[in-house]
Structures are given as structure tokens and as C-alpha cells.
Amino acid sequence: MKKQLIIATLAALALIVTACGKKLGATNNDDITPKTSMNQEWNVKEVSTIVDNKDISPEILKFVEIHFPKASISKCQKAEHLYKVSLNDKTSIEFSPKFEWTKVKCENSTIYKTVPESIVPKEIAAYVAENYPHKSIVEVEEMTFGWEIELDDSQEIRLDSRFNVIPAGKSYLNCREIQTFVATHFPKAKIRNAQQFEDEIEVKLTDNTEIGFYLSLDWKNIDCENALIYESVPAELVPEHITTFVKKNYVHNHIQEIEREHQGGCEIELDNNMEFRFDGKFNLTDIEDKNL
């Protein structure tokens, strides 16, 4: 599932202060002001904080104890609109400000290979059991339109608030343009699924690379975070200015996710969980350290 909504929410919280030779309105003396390859200085306020173990909400602790008794909390992050909890088995859980769970991801878990049945709404569990008897749910998320789940074959299913399946749009498995794009930039992988959801085509490759296309068939985003073969975005797809920035400032890291925006901007995420946003002229406009 895509991270765009969460990233957008966190980015909206960031205090960005730009300058040409000076800084304006700094609010935190501890803020870091890295110099970019475009010779601009930026002052970015921390957008999330680590919750000390002794301060983690009893509701979160109880949830983990009941549903994930074999795991423990390794990190809890707090942002304005969510709490993100990471367990020591790589399970990821998100909670609302009222400590109600909104997302559970077990795809990378070393213990819980599937989302516990005690969490999945019974209507969703019944639907999967009937229609996909040999598949399991590795991710479940409550969305504005209802629910979204992901099965262990990377298939995503969306349901409305009454648990009626929301039909996906047309299949793009046989789309020549998408096939050519994959064959050119990801020759060691094949297309597993290519389906339209609203105004986007979501493509998943056999190595777990995820690619989003606009209906115009221009690529929108590439996510190699969980890929088995292509652990970084192919260099030929990354704008030269961004490649230069990463090589200059993060020589030991690589780009594992990139998204192109309608306004001409671009957002990237490195394998060290650092995220950067650039405008249409490749000026750095936002930084987020997801490790905080």
C-alpha cells in the first residue's frame, strides 16, 4: 500500500524556512541546516518525536500484548495525526490520536506472517476465506472510503464501509507501454499485477517492486523498499540534479523510493529512512528523518 497520505500529512507539519544567504524565522536552535548541491540553506523543524517506553499509552501496550504476545515494541513515534509503532519482529502498527488502530502490516514480520484474526473485521475475514481460501492477509488498513487489505500474493482489495468490495478498474497486464517500461528498467522482474484504481494504475512486479502510473501512462512513483531484486530506483529514472544531491550528501545511501508530483516537484526516500522533497526546479523544500 502506498505511503503518500502519511508522507503528505507529515510533510504538512514541517516548518520550512528558506533563505538565499540568510535564514528567516528559525524556531529551534537545534535544527539542522544542511547545505544542498544547489547552494541553498534550509531549516527544518522536527515533525515527529520518539515516545519514551515509559510514556507509551496503556491502550497501545494492551493492544500489542493481546494481539502480538510474542513480540514487543521496539519504537513508538508520535506525530500530530498518528502514532506509529514498530515491533521487534518488524510488524508495523499505526494508531489514531485516540489510540484506535488504523493500520497493521505484517508483510515483513519474522514472527507474525499474517495479520492476527483477532484484528481483522469478521466480514473481511469471511470474504477472503470464501474467495481466496489459500491466501492470507498481510496488511489491513482503515481508509476514508472503508478498508484496504493486501494478501500474501501482493493483491490489494478495497471494501467500502459496509464491507462491499469496491471493483478495481480495467486490467493493464497487457498494456504495451507498461510492459515496455518494465522490460527496459526492470528486466529481471515480471509484472505480477497491473490494475487501475481511480485515476492511477498500480503495478506490482514479481520482486515486490511497486510502480504507479497516471492514466496517461507516464510513471508516477516507484517503490523498491521491499523489492527482492531491485533494491534501489534505477539510476536512469532519477533526475540528474537529485542524483548529484544524493551522491554529494549521502554517498553511502541509495534511493529506494521516488514520486513525481503534478506540479513538477519530486520526492525521494533513501534506504536510511531520510525523505527529501524538491520543487520543479530541484530546489530542496523539505526534509524528514523517519528515524526520529
Original post:
If you take the residues in region 169-195 that are outside any helix (DSSP H, G or I) and surrounded by fewer than 16 Cβ atoms within 10 Å (Cβ to Cβ), which one is modelled with the lowest pLDDT?
Top reply: GLY169
Original post:
Which one of the conditions (1) within 23 Å of LYS103 (Cα to Cα); (2) in contact with a helix residue (DSSP H, G or I) (Cβ under 7 Å, 6 or more places away or on another chain); (3) hydrophobic (A, V, I, L, M, F, W, C) does ILE124 fail to meet, given that it meets all the rest?
Top reply: (2)
Original post:
Going through region 153-171 one residue at a time, which ones are of a type outside the set (S, T, N, Q) and either in contact with a Leu (Cβ under 6 Å, 6 or more places away or on another chain) or without any contact (Cβ under 8 Å) to a residue 40 or more places away in the chain (or both)?
Top reply: ASP153, ILE157, ARG158, LEU159, ASP160, ARG162, VAL165, ILE166, PRO167, ALA168, GLY169, LYS170
Subject >> Which numbered condition ASN208 misses (of (1) in contact (Cβ under 8 Å) with a residue 24 or more places away in the chain; (2) part of a loop (DSSP other than H, G, I, E, B); (3) at negative phi) >> reply: (3)
Original post:
Are any of the residues in region 265-279 surrounded by 15 or more Cβ atoms within 10 Å (Cβ to Cβ) and of a type in the set (S, T, N, Q)?
Top reply: no
Subject >> Matching entry among GLU123, GLU117, GLU142 (being in the same structural domain as LEU82 (by TED's automatic domain parsing), among the acidic types (Asp, Glu) and under 22 Å from the mean Cα position of the chain (by Cα)) >> reply: GLU142
Subject >> Given (1) within 14 Å of the chain's Cα centre (by Cα); (2) closer than 19 Å to PHE282 by Cβ; (3) of a type in the set (A, V, I, L, M, F, W, C), index of the condition ILE242 fails >> reply: (1)
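The values are calculated or read from the model by the stated rules, or taken from the named source; none is laboratory data. This one's a predicted model, so the numbers in the text were calculated from it and none came from an experiment. FYI the Cβ positions are ideal-geometry reconstructions off the backbone, even for glycines, and counts take in every protein chain you see.
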